[in-house]
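Have a look at the structure below before the remarks.
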Amino acid sequence: MTQITAHEGNKSNVLLTELVIVILFFALTAVTAMQMFVGAHQKSRSNALVNRAMIIAQDWAERLNGQLRPEDFLTQAGFAQPDEADAGYCLPEDAEGNEVRAVVLRERFDAGELVTVKISVLNNRRQFGEVDEAEQVSPSAPFAALSSASYFPDAPPPDSHPQPPESGQAQSDEHIDGSVMDHAA
Amino acid sequence: MQPSKQDYRIGPGASSLLMIFVALCMTTLAILTLVSAVTDERMTKRAQETVYAYYDGAAQAQRLLADLDARLDRARRQADSAEVYADSVYALSGEDPNLAVQADAQEGFARIDFSAPMDDGRYIFVQLRVPLRLDGARFEVVRHAVENGDSWTPDDSMNLFGNEDALLSAEIDGFKEGAVVGSSFGEAP
């Protein structure tokens with residue numbers, strides 16, 4: 001009788017030990033899997049932010065392409081005028097937290113003017129660790145940054161014997177807009 | 001005699017088997033999820049680099065256009081007649097190897113081609129039509145397209161669509177002739 005009780009006791013001890021080991025390994029596996037799930041979720045969230053920022057940046061770049069006066073266009077579109085000369089126009093963040101900034105640069109050439117608009121999209125709602133910290137210099141680094149450049153040649157001097165205008169030739173008081181978009185129109 | 005009752009109990013190894021099964025499922029699911037996210041991140045970065053390359057190339061093309069327009073304006077100011085101006089325009093190709101100047105199909109016009117690099121063998125091709133006279137607009141952009149400089153060789157080792165060899169061969173021949181991949185706008189009227 002005592003031997004049977006001792007045998008059953010030994011079996012219980014073995015079963016208990018096995019359960020403890022099983023639970024331990026299950027916990028280790030669960031922790032590892034959770035870390036992988038969290039990392040995948042963060043990467044997925046980061047990809048969504050970057051994709052959305054790229055779409056917004058491309059949208060504004062195409063709108064500003066061919067604009068002789070991008071400052072006026074940005075003001076009409078709701079961008080806040082910069083306080084300083086080197087500061088950019090800023091569009092307040094939308095419902096998703098995307099903030100658009102635009103800096104207008106003008107470079108004078110011998111026969112025309114090159115207007116470059118640098119567009120950057122930031123998101124102030126991103127959580128810590130959503131973006132690979134090795135790639136971002138600072139928390140305020142933009143998700144997308146594009147430059148849209150358009151060249152506007154100066155109008156040629158008036159000629160004493162002007163030629164009749166050809167079809168498709170652009171007419172302008174100040175600039176002859178040689179950008180592609182106007183010719184496409 | 002009554003048959004003896006048998007006690008059915010869960011064996012000591014059942015929990016281990018269950019744990020192994022659950023652990024394998026969780027690990028597999030987690031690995032697949034992470035691999036999918038990493039692949040999506042790689043695709044996002046690739047798309048981002050492509051867009052950046054296009055806009056950088058377009059900006060460089062505009063800068064090249066500004067330099068070229070300055071040279072055209074200088075040549076027009078220095079020329080006494082349209083013939084002298086035309087000679088100056090055709091001499092631009094010798095000054096800059098990136099420029100290709102040739103006579104346009106329409107009389108009295110020259111065609112200037114240049115390109116700005118993008119990435120992976122792609123470049124932005126710009127074609128101008130320059131009127132060879134001393135008044136009016138100096139140029140007109142007739143083509144602004146993304147083109148691929150690398151030749152594309154299709155892999156025809158596998159017949160993927162059944163017995164369509166003839167049609168596939170015709171399509172391959174069409175691509176081998178150097179079809180331009182890209183879009184163009186601002187075509188000359």
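The values are calculated or read from the model by the stated rules, or taken from the named source; none is laboratory data. Given the structure is predicted, the values throughout are model-derived calculations rather than measurements. Neighbour counts are summed over all protein chains in view; Cβ atoms, including those assigned to glycine, are modelled from backbone coordinates with ideal geometry. Remember, those area values only see protein heavy atoms, side chains included, never the ligands or the DNA or RNA. Shrake-Rupley method; radii C 1.70, N 1.55, O 1.52, S 1.80 Å.
Counting only helices (runs of 4 or more DSSP H) wholly contained in region B:10-124, the ones carrying 3 or more residues that are within 13 Å of another protein chain (Cβ to nearest Cβ) and more than 25 Å from A:I56 (Cβ to Cβ) occupy B:14-78.
Screening B:K45 against (1) closer than 30 Å to A:A40 by Cβ; (2) in contact (Cβ under 8 Å) with a residue 60 or more places away in the chain leaves a single unmet condition, (2).
Being more than 22 Å from A:A149 (Cα to Cα), in contact (Cβ under 8 Å) with a residue 24 or more places away in the chain and polar (S, T, N, Q) is a property that does not hold for B:S115. Evaluating A:N51 against the criteria (1) outside any helix (DSSP H, G or I); (2) facing another protein chain (nearest Cβ under 10 Å) leaves one unmet condition, (1). Taking B:A91 as the residue in question, decide whether it is open to solvent by less than 70 Å² (accessible area, probe 1.4 Å), within 21 Å of A:D154 (Cα to Cα) and of a type in the set (A, V, I, L, M, F, W, C). Taking the combined requirement at face value, the residue does not satisfy it. Restricting region A:106-143 to residues that are farther than 20 Å from B:L72 by Cβ and modelled with pLDDT of 90 or more leaves a set whose member that is surrounded by the fewest Cβ atoms within 10 Å (Cβ to Cβ) is A:R106.
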